[in-house]
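Taking it in order: structure first as C-alpha cells, then the write-up.
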Amino acid sequence: MQDIAWKVSIFQILFMVIVFIVIYAKSHIVAPVDGLAQEKTRRSLFIVLIAMGIPLAFHTLADLPYAVPDRTGGPVQVVEAVGRQWEWTLSRNTFRVGETVEFRVTSADVNHGFGIYDGSMRVVAQTQAMPDYVNTLRHKFQTPGKYTILCLEYCGLAHHAMSAEFEVRP
Amino acid sequence: MKAVSDTARLPLDSSARRGVLAYLVATIAIFVLMMIFGLLMRAAQAQAFGLDTGLFYQIMTVHGIGTVGAAGLGGAMICWYFLRHYVVLSTAVLVLNLGLFVTGVVLILGGAFLGEFAGGWNFLYPLPAMSQGAWSNGAAAAFLLGLLLIGSGFLVFYLDMARAILGKYGSFSRALGWPQLFGTSDAPPPPAAVVAATVIFTMNIPGILVGATILVLNLVSLYAPEYRIDALMAKNMTYFFGHVFMNGTIYQCLIAVFEIMPRHTGRPWKINKWFLGGWTASGLMVILVYPQHLLMDFVMPEWMLIVGQVVSWVHGLPVLLISVFGTLANVHRSGIRWNMTSGLLFFAMLGWAAGVFPGVADATIIVNQVMHNTQWVPGHFHTYFLLSLVSMLFGFGYHLMMDMHGDKASLIDRVGFWLFTLGGFGFILAFLAGGAAGVPRRYAVHLAEWLVYDRAGTIFAAMSVTAALVFMVRFLRNLNKGVSS
C-alpha cells in the first residue's frame, strides 16, 4: 500500500510539474483567450476525474479495517493492549501465522497511537489508544518474525521511546 | 455567464497601510523563525548535533503553533488588504487582532521555553494536564491562554469582515454570488475577494468558537482534574477547529492569486459559475471533512469516517478545476509579465496542485491505516503550506514591497527563488519518502535506518531557510518605503 501511494504521488507531482512547465513555456505567446476551448477542457477534466473517482472510491471503501468479523471463520486471539506514558502492556505477546489477532486497544492516561511494525519496520496496521475507549483492531499475520509496536500519537517527552515487541511464530 | 468582478476600489488610508505593513513584518519574521526551528528539528533527527529531547518537543510545539498562527496572520493580511478595496473594514479591528496576537505569542513562548510546555500545537486532551512532571499547569495554562487570546482576536476580525460584507451585499447568498450561480440575476457577481472572504468567515467563525470552547475546557481540567472531558469529543472539537482554521488560511492567501495574477497577465480573473459553485462547495466540504483526521479512531461512527474519505476526495476537484485550472488558463498564452511576484504565485499553485494526491492518499482509510502519523502527514501538509501558502505570502510580499515601488528583481532574488522552489520540493519529498518507509512523525530520536530521509530533509530545509532569509531581507530593506495605496 505504501509503495502504491508513493509511486502514484510521485507520478501525480511530476505530471503537474510538466503541465506547469508547458503552460509556462506557452505563456510568452500572446493570443486571445479561447473561452470555449477552456470550458470544454475543464468540463472534460471534471468528467474524467469523477469517472475515475467513483469506482476507486467503492473499491477502497469495500474492506475497511474497523473490526470486521473474521470472514474465514478461524480462531481469534484476543489481546488486551493498554498504552500509558510511556509503555505498552499486552496480555499476550506470541501468536501464530494465519490466526486472527484481535487487539483491544485503550489508554490509561493520554492519547497514544498503537502502530504495528513488521521486521523491516514497515507499518502493517494501527489504531488509536484513547482513554475511556476501546478500539478493536483485527489483523491476520501472514509472516513470522518479530513485530514492534511504536506509539503513533504524540504523548509527551518520551513518546519516541514508547515501544513493545511481540512474536509471530510459524 | 462570463461577467468579471467590478474594479471599483476604495483607497487605503495611511493607518490601514501601516497596519498591513505591520502584519507583513510579523508574518514573515515568524515564518522565517519557524522555518529555522523546522531546520533545527530535521538536523537533530539527522543527528547533525545533539538536542535535548525535551527542548526538541518544546520547539516542535512552538513550530506547530507558530506556523499555524503566522499562516492565520498572513492570510488575514492578504484577505483584509484586498477585501478593503471593496468593503469598509475596521482598521481598529485589524490592529486589535495584531495586538492580541502578539500578546498571545508572548504567553505561548513563555509557556514553552520558560515553562517547558511541550504538549504539541494541537494540545490533545488530556495531554496538557498529564506531562509526568515535564511541565507545570501554569506553563500549560500560559500556552492555552495565549492560544485563546489569538483565537479571540481572529474571531473579532472575522466578525468585522462579516459585518462589512453583509452590510454591503445584504445577505450571504448575494455575497456568495448565488443569484448569478443559479441564474436568477444578470447583475455582475461579487468580486473574487468578496466571495472567498464570505466563505472564509462562514467557516472560521464556528471553527474558532469550537476551538475556543475546547481550549477553555482544557484550561478548566488543568485546575479541576476531577472535571473530565470525553476524550473522543475533545479530539473531534480540536480537529474541527484545526482543520477549518488551516484551510481558511490558504483560502485567504489564494485571494492574492486572484487579485495579483491578472495584473501580470492582463486578463481578468473569471468569476463564472465554476468559480461561484466551487467556492460554496469548498466551504461546505471544509466543514464536513474534518473526520479525515480521525480515521484511526475506530470508535467513531463508521459513516462519519466514510464521509471523511469521500469528501476529502471530492475536495480535490475545486482545488484542481477552479484554482489551479483558473491560474493555468489565466497564464496560458497571455504574454504574462514574469517577475518574482508572478513566479512565486505561479509556483504556489503548482505546490497546491502537487499536494492533491498525497493528501487524497492520506485521507483514504486503507492507506491511512499504514500511513497515519508517519512522516507522510507532514509531507502532505508541507506541500500545501510550504510550497503553496508560504509561496503566496512571499509573492504578496514582493508585490507589496518591491513591485509597487517599481523595484526590479536582482540576481539574489532569482537565486532565492530557485533555492526556495527546489529546496521546498526536496524537503517535502524527503518527508513523503520517510512516511512511505514508516518513519513516525513527531519523534525526537530516529533509528539509524531513518537517517537517510532526515539528512536529505535537512539539506533541502537549509536551502528553503536560506531563500526565506533572502526574501525577508529584501522586504525589510524596503520597509521605509511603506505600502503604496
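Structure notes:
- Cross-chain or 6+ apart pairs with Cβ under 9 Å, region B:46-69 first and on the phi > 0 side of the Ramachandran plot and touching a residue at least 12 places away in the same chain (Cβ under 8 Å), then open to solvent by less than 20 Å² (accessible area, probe 1.4 Å) and charged (D, E, K, R): B:Q47/B:D454
- Scan of region B:383-409 for residues that are open to solvent by 10 Å² or more (accessible area, probe 1.4 Å) and not in a helix (DSSP H, G or I), ordered by number: B:G406, B:D407, B:K408, B:A409
- Condition met for B:V62 (modelled with pLDDT of 95 or more, farther than 20 Å from B:S388 by Cβ, among the hydrophobic types (A, V, I, L, M, F, W, C) and open to solvent by less than 20 Å² (accessible area, probe 1.4 Å)): yes
- All of (1) open to solvent by 50 Å² or more (accessible area, probe 1.4 Å); (2) in contact (Cβ under 8 Å) with a residue 40 or more places away in the chain; (3) more than 7 Å from chain B (Cβ to nearest Cβ) hold for A:R122 with one exception: (3).
- Hey, B:L422 within 13 Å of another protein chain (Cβ to nearest Cβ), open to solvent by 10 Å² or more (accessible area, probe 1.4 Å) and free of Cβ contacts under 8 Å to residues at least 24 places away in the same chain or not: no
- Those residues of region A:141-152 which are open to solvent by 10 Å² or more (accessible area, probe 1.4 Å) and within 14 Å of another protein chain (Cβ to nearest Cβ), in sequence order: A:Y147, A:T148, A:L150
- When each of B:I366, B:I412 is tested for being within 11 Å of chain A (Cβ to nearest Cβ) and open to solvent by 20 Å² or more (accessible area, probe 1.4 Å), the lone residue that passes is B:I366.
- Some residue of region B:450-473 being assigned to a loop (DSSP other than H, G, I, E, B) and not basic (K, R): no
- Applying the condition of being aliphatic (A, V, I, L, M) and closer than 16 Å to B:G355 by Cα to region B:312-330 and asking which residue is most open to solvent (accessible area, probe 1.4 Å) yields B:V314.
- The set of residues in region B:331-342 being buried (at least 22 other Cβ atoms within 10 Å of the Cβ) and either more than 7 Å from every other protein chain (Cβ to nearest Cβ) or more than 18 Å from B:H264 (Cβ to Cβ) (or both) consists of B:M340, B:T341, B:S342.
- Checklist (1) within 30 Å of B:T364 (Cβ to Cβ); (2) touching a helix residue (DSSP H, G or I) at 6+ places or on another chain (Cβ under 8 Å) applied to A:Y24, failing item: (1)
- Condition met for A:S107 (at the interface with chain B (Cβ under 10 Å from one of its Cβ atoms), open to solvent by 30 Å² or more (accessible area, probe 1.4 Å), closer than 23 Å to B:M371 by Cβ and polar (S, T, N, Q)): no
- Sub-6 Å Cβ pairs linking a first residue in region A:34-55 that is within 8 Å of another protein chain (Cβ to nearest Cβ) to a second residue that is surrounded by 11 or more Cβ atoms within 10 Å (Cβ to Cβ) and not acidic (D, E), at least 6 apart or interchain, are A:Q38/B:A329; A:R42/B:L321; A:R42/B:F325; A:F46/B:L321; A:G53/B:W313, ordered by first then second residue.
- Selection from region B:75-88 of residues that are touching a helix residue (DSSP H, G or I) at 6+ places or on another chain (Cβ under 7 Å) and open to solvent by less than 40 Å² (accessible area, probe 1.4 Å): B:G75, B:A76, B:M77, B:I78, B:C79, B:W80, B:Y81, B:F82, B:L83, B:R84, B:Y86, B:V87
- Here region A:14-42 is the region considered, the condition is being of a type in the set (G, A, S) and farther than 20 Å from B:S342 by Cβ, and the residue that is nearest to the chain's Cα centre (by Cα) is A:A37.
- Within region B:43-91, tally of residues that are of a type in the set (F, W, Y) and within 21 Å of the chain's Cα centre (by Cα): 3
- Check on A:I54, loosely packed, with under 11 Cβ neighbours inside 10 Å and assigned to a helix (DSSP H, G or I): no
- Cβ separations smaller than 9 Å between residues 6+ apart or across chains give the following pairs from region B:462-482 residues that are in contact (Cβ under 8 Å) with a residue 24 or more places away in the chain to residues that are open to solvent by 30 Å² or more (accessible area, probe 1.4 Å) and of a type in the set (K, R): B:G482/B:R17; B:G482/B:R18.
- Among (1) surrounded by 24 or more Cβ atoms within 10 Å (Cβ to Cβ); (2) within 12 Å of another protein chain (Cβ to nearest Cβ); (3) at pLDDT 95 or above; (4) closer than 23 Å to B:I30 by Cα - the single one B:H380 does not satisfy: (3)
- Scanning region A:153-170 for residues that are surrounded by fewer than 19 Cβ atoms within 10 Å (Cβ to Cβ), facing chain B (nearest Cβ under 10 Å) and not in a helix (DSSP H, G or I) yields a total of 1.
- Just one of the listed residues (B:T91, B:T67) is over 18 Å from B:L145 (Cβ atoms), among the β-branched types (V, I, T) and surrounded by 23 or more Cβ atoms within 10 Å (Cβ to Cβ), namely B:T67.
- Those helices (runs of 4 or more DSSP H) lying entirely in region B:1-116 with at least 3 residues basic (K, R): B:14-45
- Residues of region B:281-310 that are open to solvent by 40 Å² or more (accessible area, probe 1.4 Å) and touching a residue at least 60 places away in the same chain (Cβ under 8 Å): B:I287, B:V299.
The values are calculated or read from the model by the stated rules, or taken from the named source; none is laboratory data. Quick caveat: nothing in here was measured; it's all calculated off a predicted structure. All Cβ positions, even for glycine, are placed from backbone atoms using ideal geometry, and neighbour counts span all protein chains on display. Accessible surface areas use protein heavy atoms only, side chains included; no ligands, DNA or RNA. Shrake-Rupley method; radii C 1.70, N 1.55, O 1.52, S 1.80 Å.
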